[in-house]
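Visitor: Just dropping this structure here.
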Amino acid sequence: MADNLARDTRPVAATTAAPMLEVKDLNAWYGESHILQGMAFDIRPGEVVTLLGRNGAGKTTTLKSIMGIVGKRTGSVLFEGAETASLASNRIARLGIAFCPEERGIFANLDVRENLLLPPQVRPGGMSVETIFELFPNLKERLASQGTKLSGGEQQMLAIGRILRTGARLLLLDEPTEGLAPVIIQQIGATLRRLKAEGFTILLVEQNFRFAATVADRHYVVERGKVVDHFQASEIETSVDKLRNYLGV
Amino acid sequence: MFELLGISPQALFGQLLIGLINGSFYAMLSLGLAVIFGLLNIINFCHGALYMMGAFVAWFALKHLGLGYWPSLIVAPIVVGAFGMVLERSMLRHLYKLDHIYGLLLTFGLALVIEGVFRNEFGASGLPYGIPPTLSGGQNLGFMFLPNYRAWVIVASLGVCLATWYVIERTKLGAYLRAATENPTLVQAFGINVPRMITLTYGLGVALAALAGVLAAPIYQVSPLMGSNLIIVVFAVVVIGGMGSILGSIITGFALGVVEGLTKVFYPEASSTVIFIVMAIVLLIRPTGLFGRAH
């Protein structure tokens, strides 16, 4: 009995099961449109979790709301126990969250090296540039190129590579496979598994659940701005019909 | 050859020098405008008034505080830059998401207010500001007489322009600035305090104008209208060079000063309009300016 009491009063942060990110009743608006309508989910440290759903379901808006770059948001976003829903995006980034946008956000006025080194280090222990080149050898050969002269796949590698340096432990990746050739998608998939092995926590937005199934531990299905269903990786094969129905594929 | 053209070498080189001097001010002012427009999306119409304030701070510091020319080169840009940052924090920041025209109207109004206050206080006639003793006199180059102060202005302006170019195009700080010009939301989401960067950038652009004002004080008289006389030409320079291009504003500034000077030699009647003729031609052939990129 005494043992149990002692265990129950342990600080939450000390338990590995405590979520790294906990989203509760998150609402977000673009102008008059109410996009997120009570979004709720969580991610534990070291997990790869996907948000699946149709176009316009609110997946991208969820990432942007966590990052603090939507017009208006309410509700709660706890990162490592700290409330971030009212912080400016630069403060959120400094806590250790990094964002890779769907359009990749490579800067045309910067060369590849400048793009890669642009995001400041927010925590110690970021990946070294050498390790990033090992993951994405193409980047090393194109360091002096203008950022937007890269191929779509190389731009995606640059967009992921540059946030690995920062020491952020939670990566928000918005459709990293969109519009890429199958061989590049495989390379991105291998990279995500490697990042997971290195202890990164990843929230992935995907339309391609076949790809998502190869990398993620859990999947949330998003519809009309909220989570409507939840699958473990092991349940994917037995729930294919249900998923196809949700995603309209 | 000079006899053939009916022009004395003294007149030619004299006007070339005046052209380079004017070009120095065009370059420094249009550089500040380009940096501000790039990041803030604001056409800073009060740039001329802030240049005038720079000259007045130097004049005031000398008359009332006994602070000479050299300290003023540092003090005036800091004082006027700080004033600019207050303007940015209190007024300009509300306009970033609106059309350019709002920023232009606000800064135009500010220019009128600032100039009105100074005219009310100091009258419209110029106040004298002496050349610093270390730079008085000049060199006889054989074909022309080069006043030391004018040589210094050209060298100083070129140095400041190149240093600004280097910081923006070749340093980490400049990379943040260029990236934020393109996509401020993403740069902020990487952890950069973009609103603070915008304030400092405006302060820097304004400080450049004030520095130009101090350099100008011993050449032109210190007058409340010195900025409005200059700023229209500077805007033409910015349009010719291309909005938002750093190197473009520097090269265009010096080049158009020289073009203006040469016109004074060969066809004086056109000397005050030649820049606007060039502007019209450039707009017809390359609407984004000589160095501008289409947005």
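The values are calculated or read from the model by the stated rules, or taken from the named source; none is laboratory data. This structure is a prediction, so every number in the text was calculated from the model and none was measured. Here Cβ is always computed from backbone atoms with ideal geometry, including for glycine, and neighbour counts include all displayed protein chains.
Visitor: Within the stretch A:110-117, can one find any residue that is within 14 Å of chain B (Cβ to nearest Cβ), crowded, with 21+ Cβ neighbours inside 10 Å and part of a loop (DSSP other than H, G, I, E, B)?
Guide: Yes, the conditions are met somewhere in the stretch A:110-117.
Visitor: Quick one: which helices (runs of 4 or more DSSP H) lie wholly within the stretch A:120-182 and hold at least 1 residues that are within 13 Å of chain B (Cβ to nearest Cβ) and of a type outside the set (D, E, K, R)?
Guide: The qualifying helices (runs of 4 or more DSSP H) are A:152-164.
Here is a yes/no grid of residues against (1) under 30 Å from residue B:9 (Cα atoms); (2) of a type outside the set (D, E, K, R):
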site: B:138; (1), (2): yes, yes
site: B:144; (1), (2): yes, yes
site: B:158; (1), (2): yes, yes
site: B:172; (1), (2): no, no
site: B:182; (1), (2): no, no
site: B:185; (1), (2): no, yes
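Visitor: So, one more: For the condition under 30 Å from residue A:31 (Cα atoms) and either among the aromatic types (Phe, Trp, Tyr) or over 15 Å from the mean Cα position of the chain (by Cα) (or both), what is the one hit in B:14, B:103?
Guide: On inspection, the qualifying residue turns out to be B:103.
Visitor: So in the stretch B:170-206, with the set limited to residues that are in contact with a Lys or Arg (Cβ under 8 Å, 6 or more places away or on another chain) and at negative phi, which one is farthest from the other protein chains (Cβ to nearest Cβ)?
Guide: B:199
Visitor: Return the residues of the stretch A:17-62 that are under 15 Å from the mean Cα position of the chain (by Cα) and assigned to a strand (DSSP E or B); say none if nothing qualifies.
Guide: Answer for the stretch A:17-62, where residues must be under 15 Å from the mean Cα position of the chain (by Cα) and assigned to a strand (DSSP E or B): A:21, A:22, A:23, A:41, A:42, A:43, A:48, A:49, A:50, A:51, A:52.
Visitor: Would you confirm whether any residue within the stretch A:63-74 is within 14 Å of chain B (Cβ to nearest Cβ), touching a helix residue (DSSP H, G or I) at 6+ places or on another chain (Cβ under 9 Å), on the phi < 0 side of the Ramachandran plot and in a loop (DSSP other than H, G, I, E, B)?
Guide: yes
Visitor: Give me a count of the residues in the stretch A:92-105 that are of a type in the set (D, E, K, R) and within 8 Å of another protein chain (Cβ to nearest Cβ).
Guide: 1
Visitor: In addition: Considering B:17, B:31, B:87, which residue is at pLDDT below 95, in contact with a Cys (Cβ under 9 Å, 6 or more places away or on another chain), surrounded by 14 or more Cβ atoms within 10 Å (Cβ to Cβ) and in a helix (DSSP H, G or I)?
Guide: Of B:17, B:31, B:87, the one residue that is at pLDDT below 95, in contact with a Cys (Cβ under 9 Å, 6 or more places away or on another chain), surrounded by 14 or more Cβ atoms within 10 Å (Cβ to Cβ) and in a helix (DSSP H, G or I) is B:31.
Visitor: Let me ask something else about it. Give, as residue ranges, the helices (runs of 4 or more DSSP H) completely inside the stretch B:135-194 that count at least 1 residues that are under 19 Å from the mean Cα position of the chain (by Cα) and either at pLDDT 95 or above or closer than 26 Å to residue B:38 by Cα (or both).
Guide: Fully inside the stretch B:135-194 and qualifying: B:148-170.
Visitor: Against the definition (in contact with a His (Cβ under 6 Å, 6 or more places away or on another chain), more than 14 Å from chain A (Cβ to nearest Cβ), in a helix (DSSP H, G or I) and at pLDDT 95 or above), how does residue B:209 come out, yes or no?
Guide: Yes: the conditions hold for residue B:209.
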